[in-house]
Amino acid sequence: MLRVVVCVSGGGTNLQAIIDGIAQGAVYNTEIVRVVSNNPGAYAMERAKKAGIEAVCVSPKDYENRELFEEALLACVEEAAPDLIVLAGFMVKVPEKMVKQYENRIVNIHPALIPAFSGTGYYGLKVHEAALARGVKITGATVHFVNQDMDAGPIIMQKAVKVYDDDTPEVLQKRVMEEAEWVLLPWCINLIAAGQVKVENGRVTIAE
Ligand code: GAR
């Protein structure tokens, strides 16, 4: 059984897609052992509780400085003894120590086709605003392993989504979630649980 800790900050629709994937049998051999949020108001916490999953908040506001917050975050994750950490809309830069400790065991979902619209400052709706401002005709989502640089780790899977002339950032965000994110993230977790995802020289291969 793959023990997964899911880190969240907001609405938690990606968390819900994983919960549903496990419940419906699309994601095998996987258990969400804890949901960790940096934001006490995150609706994702309610989703976790409704699904009977332990939800823990580690807010930076409760710590004197960044270092203490990062220590508490790492301790909270470690306590759940995960095999895999999934960042599902987690708006916190992962502490360096955590990245080192869980090398190739942290995955993130990003709402664009990396390397487009990625890196510092590109998160949530801002990604879609930037895509529309640039006038791209195709965008999408990426699931990747997390390394020390923002949105720069080995890419596991990507899915393209069409952009239409009359899209608003909100409309585009919804389409990218529905057509790409909620499909890709459970799919990748299932592949990882099945031991089919390998990282070599910074590149991912998926075994048949
Ligand atoms: C998702 O679109 C996710 O890809 C994005 O935040 C949203 C969270 O939604 N993540 C990033 O932008 C990370 N750089 P959710 O809370 O409903 O899953």
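We did not get these values from a lab; they are worked out from the coordinates using the rules stated. If you're wondering where the values come from, they're calculated on a predicted model, not measured in any experiment. Here the Cβ is made from the backbone with ideal geometry for all residues, glycine too, and neighbour counts use every protein chain on show.
Please state, as a whole number in µm²/s, the translational diffusion coefficient that the Stokes-Einstein equation yields for segment 27-98 at 25 °C and 0.890 mPa s, with Rh defined as the Kirkwood radius across alpha carbon pairs. Provide the component values of the computation, followed by the final result.
Details: Rh = 13.0 Å.
Value of D from the Cα-based Kirkwood radius: 189 µm²/s.
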Check: Given Cα pairs under 8 Å that are at least 6 residues apart, what percent is the relative contact order of the chain?
Finding: 21 percent
Next item on the list: Quickly work out the residue 205-to-residue 50 label distance, labels modelled 7 Å from Cα along the C-beta direction, and quote it in nm with one decimal.
Entry: 4.2 nm
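Can you check how the C-alpha radius of gyration of segment 85-208 compares to 2.2 N^0.38 Å, as a plain ratio?
Details: Rg = 14.3 Å, N = 124, 2.2 N^0.38 = 13.7 Å.
With N residues counted in segment 85-208, Rg over 2.2 N^0.38 Å equals 1.04.
With respect to the cross-link table entries 61/97; 50/159; 126/159; 93/126; 49/100, which display a Cα-Cα separation exceeding 27 Å? Write out the running numbers ahead of the final one.
Values: 61/97 20 Å; 50/159 29 Å; 126/159 19 Å; 93/126 16 Å; 49/100 30 Å.
Beyond 27 Å between Cα atoms: 50/159; 49/100.
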Next item on the list: Would you give the gap between the C-alpha center of segment 16-64 and the C-alpha center of segment 105-175, rounded to a whole Å?
Entry: 22 Å
Item checked: Sequence-distant residues sharing a close amide H with residue 10 (under 5 Å, placed H) -> 44
Notebook entry, point to check: Where q = 0.08, 0.09, 0.17 Å⁻¹, what log10 of I(q)/I(0) comes from the Debye formula for the chain, counting one point per Cα?
Noted result: -0.25, -0.32, -1.20
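Tell me, 62, 151 in order of fewest to most beta-carbon neighbours within 10 Å?
Placing the least packed residue first, the sequence is 62, 151.
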Notebook entry, point to check: Considering only the chain, what is the antiparallel percent among its DSSP beta bridges, to the nearest 5?
Noted result: 45 percent
Next item on the list: Rounded to the nearest 0.05, what FRET efficiency do residue 29 and residue 160 give with R0 = 25 Å and r taken as the Cβ-Cβ distance? Could you check?
Entry: 0.30
Item checked: Fluctuation leader among 116, 88, 193 - the chain, Gaussian network, Cα springs under 10 angstrom -> 116
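Add -39500 (n - 2.57) for each DSSP H run of 4 or more in the chain, then divide by its residues: what number comes out at 222 nm, to the nearest 500 deg cm²/dmol? Don't jump to the answer; show the numbers that get you there.
Numbers: 7 runs with 69 residues, N = 208.
Calculated at 222 nm, the ellipticity per residue is -9500 deg cm²/dmol.
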